[in-house]
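Chemist: Following this message is one structure expressed as structure tokens.
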Amino acid sequence: MSSSSDIDLPLLRDRLVSIALQAGVMITSATPTTTSSGTKKNTADLVTETDQAVEAYISKELKTLYPTFSFMGEETYKPGMQLGPEPTFIVDPIDGTTNFVHRHPYISISLGFAVNRVPVVGVVYNPFTGKLYTGVKGRGSYVSTIRDGKTHGEEIRLPLKGSEALTGLDSCIVIIEWGSDRSGSNWKVKCDTWARLGQSKDEGGAMVHSARALGSAALNMCAVAEGTLDVYWEGGCWAWDVCAGWVILTEAGGIVVDGNPGSWEVDVDHRIYLAVRGAKEGQKELVEEFWSYVEGEMVYPH
Ligand code: LIP
């Protein structure tokens, strides 16, 4: 069994930040051209040459710095690959590729690190806005702004909004994502649940303040960590989408549970997640209220 206590996690975080900033330069100076295929499983599942080039850069840098650690990246993942207990970097070179292709600036480099399958370091960086989120297990999570490759202003501890009590879904903004799977029972569970979340109470709905679908799981986790958005629910994304944000969120008092009703403990590669912001009270009740609106159960292969 590996132990993260044998690893200098703050140093690893700082090294991930340097890599993220350089990857950011690659992204902001690139013209997003899709690869020859341009898509993976369907026309909504996009990949660009920049995704692939940035992942190759990140992987090379990490192999040089940590040659004995494992690497799991979106663009080199092969079906059937399993996340083991050994120290592993879990990386999404461009989280929000669809936004990138459309030149919409809500994208991030997501660099996570897990030991014994538990996320322990996270770095999420949006090179277009300069927003840099970092988290180290047991040491808190922070947000800062990068300008010209340097931190501009102070590093702010998360959450931003304090941990105000959660008083129910009817006072929440919920982040949802369409993802690229648009058919079958999973799509029906999502559509039915989204409808119920938005519906008025006299029609049996939760009447949430509103919903957002922003296109980057990593940045969604960071928005919930900030406390500016309250809940994020998605089925079908992957460990590389959420690993870094997971540390940033939990170090800000947030929790990640099963996106299907019932399980309070989920693995980072579970692929079905419900993330809830930090709160001095009401977190458990909010999860149970959310689960009561999930219409059915989503199923995704690992
Ligand atoms: C994206 C995720 C998002 C999901 C999209 C896509 P990518 O990651 O961040 O949550 O809804 O389908 O998976 O593919 O842009 O790295």
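The values are calculated or read from the model by the stated rules, or taken from the named source; none is laboratory data. The model shown is predicted, which means the values in this text are computed figures rather than measured ones. Note that each Cβ is placed from the backbone with ideal geometry, even for glycine, and that neighbours are counted across all protein chains shown. These area figures cover heavy atoms from the full protein model, side chains too; ligands, DNA and RNA do not enter into them. Shrake-Rupley method; radii C 1.70, N 1.55, O 1.52, S 1.80 Å.
Chemist: When the chain is treated as a GNM, springs tying every alpha-carbon pair under 10 Å, which of ALA217, ALA252, ALA44 comes out with the largest mean-square fluctuation?
Modeler: Among ALA217, ALA252, ALA44, the largest mean-square fluctuation in the Gaussian network model of the chain belongs to ALA44.
Chemist: Using a Gaussian network model of the chain with C-alpha springs under 10 Å, which one of ARG157, ARG117, ARG139 is most mobile by mean-square fluctuation?
Modeler: ARG139
Chemist: Work out from phi, with θ = phi - 60° and the Karplus expression 6.51 cos²θ - 1.76 cosθ + 1.60, the ³J(HN,Hα) of each residue of segment 65-72, listed in order in whole Hz, and give x for Gly and Pro.
Modeler: Here the 3J(HN,Hα) series is 6, 9, x, 8, 7, 8, 9, 10 Hz.
Chemist: How big is segment 44-100 on each of its three principal axes, counting only the C-alpha atoms and giving the largest first in Å?
Modeler: Ordered largest first, segment 44-100 gives principal extents of 34, 24, 14 Å.
Chemist: Further question: What dipole magnitude, in Debye to the nearest 20, does the chain give about its Cα centre under +1 on Lys/Arg Cβ and -1 on Asp/Glu Cβ?
Modeler: 580 debye
Chemist: Right, next: In a solvent-free Debye calculation with one equal scatterer on each Cα, what is log10 I(q)/I(0) for segment 5-67 at q = 0.19 Å⁻¹, listed in the order of the q values?
Modeler: So the normalised log intensities work out to -0.78.
Chemist: Positive end of the charge dipole of segment 4-157 (Lys, Arg +1 and Asp, Glu -1 on Cβ, about the Cα centre): tell me which of THR88, MET72, TYR133 has its Cα farthest that way.
Modeler: TYR133
Chemist: So for the chain, taking the charge dipole from beta-carbon charges (+1 Lys/Arg, -1 Asp/Glu), which of GLY122, THR39, VAL25 sits furthest toward the positive end?
Modeler: Going by the charge dipole, the pick is VAL25.
Chemist: Right, here's the next one. Could you provide, to the nearest whole Å², the per residue accessible area of the chain with probe 1.4 Å?
Modeler: Heavy-atom accessible area per residue stands at 43 Å².
Chemist: Looking at segment 118-242, what % of its DSSP beta bridges pair antiparallel, to the nearest 5?
Modeler: 75 percent
Chemist: Looking at the square roots a ≥ b ≥ c of the eigenvalues of the Cα gyration tensor of segment 169-291, which shape do they give, rounded for a/c under 1.5, prolate if a/b is larger than b/c, or oblate? All intermediate terms of the calculation are to be shown ahead of the outcome.
Modeler: On the way: a/c = 1.56, a/b = 1.12, b/c = 1.39.
In terms of gyration-tensor shape, oblate.
Chemist: Moving on to the next point. Based on the alpha-carbon gyration tensor of segment 71-152 and its eigenvalue square roots a ≥ b ≥ c, which shape applies: rounded if a/c is under 1.5, prolate if not and a/b is larger than b/c, or oblate?
Modeler: It comes out oblate by the Cα gyration axes.
Chemist: Translational diffusion coefficient of the chain at 37 °C, 0.692 mPa s, Stokes-Einstein with Kirkwood Rh over Cα pairs, in µm²/s as a whole number.
Modeler: Rounded to a whole number, D works out at 170 µm²/s.
Chemist: Roughly how many percent of the accessible protein surface of the chain is carbon and sulfur, given a 1.4 Å probe and a whole-percent answer?
Modeler: Carbon and sulfur atoms account for 51 percent of the accessible area of the chain.
Chemist: Moving on. In debye to the nearest 20, how big a dipole does segment 18-74 give about its Cα centre with +1 on each Lys and Arg Cβ and -1 on each Asp and Glu Cβ?
Modeler: Computed charge dipole of segment 18-74: roughly 100 debye.
Chemist: For the chain, build the charge dipole from Cβ charges (+1 Lys, Arg; -1 Asp, Glu) around the Cα centre, then report which of PHE290, PHE100, ALA195 sits farthest towards its positive end.
Modeler: Comparing the listed Cα positions along the dipole, PHE100 ranks first.
Chemist: List the residues, sorted by chain then number, that are 5 or more residues from PHE113 or on another chain and whose placed amide H is less than 5 Å from its amide H.
Modeler: Amide H neighbours of PHE113, under 5 Å, 5+ apart: ILE90, VAL120, VAL121.
Chemist: ³J(HN,Hα) across segment 47-63 via Karplus (A = 6.51, B = -1.76, C = 1.60, θ = phi - 60°), whole Hz, x for Gly/Pro?
Modeler: Going residue by residue, I get 9, 10, 4, 5, 3, 5, 5, 5, 5, 4, 5, 4, 4, 5, 4, 6, 5 Hz, with x marking Gly and Pro.
Chemist: Connecting C-alpha atoms closer than 10 Å in a GNM of the chain, tell me which of THR39, THR64, THR76 has the biggest fluctuation.
Modeler: Highest fluctuation among the options: THR64.
Chemist: Which of the three applies to segment 4-157, rounded, prolate or oblate, going by the alpha-carbon gyration tensor with a ≥ b ≥ c and a/c under 1.5 meaning rounded?
Modeler: Oblate is the answer for segment 4-157, as a/c is 1.5 or above yet b/c matches or exceeds a/b.
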